[in-house]
Amino acid sequence: MEKMLSVVIPSYNEEAMIEKTASVIHTLLAEADIPHELIFVDDGSKDATWQKIEEAATAVSTVRGVHFSRNFGKEAAIVAGLEAAEGACAVVIDCDLQHPPEKMLEMYALWEQGYEVVEAVKTDRGKESLLHKAFANTFYGIISAATKINMRDASDFKLLDRKAIDALLTIKEKNSFFRALSSWIGFKVVQITFEVQERTAGESKWSFRSLVKYAVTNITSFSDFPMKIITALGLLSFVVSVVMGAIALIGKFSGRALEGFTTVIILQILFSSIIMISVGIVGYYLSKIYDEIKGRPKYIVSETCGKDEE
Ligand code: UDP
Ligand code: MG
């Protein structure tokens, strides 16, 4: 279809949302006369999400589903959805309706005007716990500095033109970070704003552990800054050791007896820990290289439903 919009909806344990999301988005786009397909990517949910998607595909003709063999993460679900998309453009939107679907009409209109990437930027982060907020601030501060893109208010709610989708899909990195890569590819970009809505059903899929993992993975995949810190620490400790060495020598030659065992112990502990942390950081990058080089697929599909099913 000429101007078809593919809507990519990563879904993980969203049984409570599928039916509603499908009907809300379908009705919205049908009323606006926008040819569309809805692609639900079930990221290996443990609840009845897949059954709900199959039901939705039977009930609503424009719904399709892709089912992962296990949970591969939202990033992988986005890639799978974009790979399955057949539209002239695609929007990625959360399944929980926290990204207001009406905004898609605005995005689509901008796309018709010739914009190739339409980014929806948060004006307000919605209700989040204090811990989550503090954590998000730190994470986005670091990643914005590393990528030189303002990630603080960025979201995964974006429209991409076919050209941008194809460009994005040529990126073979296993740890692709959609939010940053969709800026990295360039193209004619425009931003709109939206207010994060509250979740009406189900719960956020982020645990503190998964947030830390997400932060570390994405910072290291976009930046070698942590490795540079090691060099800086090395230089710093070299300067310290020269000064301490000088003091020790002066002490020795001026005939004063050595008394500072405490100093020795403290220095020993300090430098050992710096060295261990540093080795850890280097090891982390090494393991990322190892991951990439194994060339495993980003996701495995176990089932599909909807249009291309016979
Ligand atoms: N999601 C996913 N795989 C995961 C975790 C989340 O596909 O492993 C989906 C989830 O179903 C939702 C979107 O990603 O559509 C955002 O997740 P969530 O609402 O939990 O995140 P938050 O809005 O709290 O940042
Ligand atoms: Mg959400």
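Here, each number is a calculation from the coordinates, and none is a lab measurement. In this text the structure is predicted, and so the values were computed from the model without any measurement. No Cβ is skipped: glycine too gets one built from the backbone with ideal geometry, and neighbour counts run over all protein chains shown.
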How big is the charge dipole of the stretch 99-240 about its Cα centre, in debye rounded to the nearest 20, if each Lys and Arg gets +1 on its Cβ and each Asp and Glu gets -1 on its Cβ?
-> 520 debye
Which ordering of 23, 287 is given by a fewest-first count of other beta-carbon atoms within 10 Å?
-> 287, 23
For the chain, what is the calculated [θ] at 222 nm in deg cm²/dmol (nearest 500), taking -39500 (n - 2.57) for each run of four or more DSSP H residues and dividing by its residue count?
-> -16500 deg cm²/dmol
Could you point to the residue in 85, 51, 62 farthest towards the positive end of the stretch 36-93's charge dipole, with +1 and -1 charges on the Cβ of Lys/Arg and Asp/Glu respectively?
-> 51
Binned Cα-Cα distance frequencies in the stretch 1-91 - 5 Å width, integer % = 3, 16, 27, 26, 18, 8, 2, 0
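What is the fewest-to-most order of 208, 222 by other Cβ atoms lying within 10 Å of their Cβ?
By the 10 Å Cβ count, ascending, the order reads 208, 222.
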May I ask for the angle, rounded to the nearest 10°, between helix 208-222 and the longest principal axis of the chain, with both axes built from Cα atoms and the value confined to 0 to 90°?
-> 80 degrees
Could you tell me the largest-minus-smallest coordinate of the C-alpha atoms of the chain on each of the three principal axes, in descending order and whole angstroms?
-> 91, 39, 38
Sequence-distant or interchain residues sharing an amide H contact under 5 Å with residue 300, placed H: which?
-> 69, 70
Among 217, 231, which comes first, then next, by fewest other beta-carbon atoms within 10 Å?
-> 231, 217
Among 207, 61, 182, the residue with the largest mean-square fluctuation in a Gaussian network model of the chain built from Cα contacts under 10 Å is 207
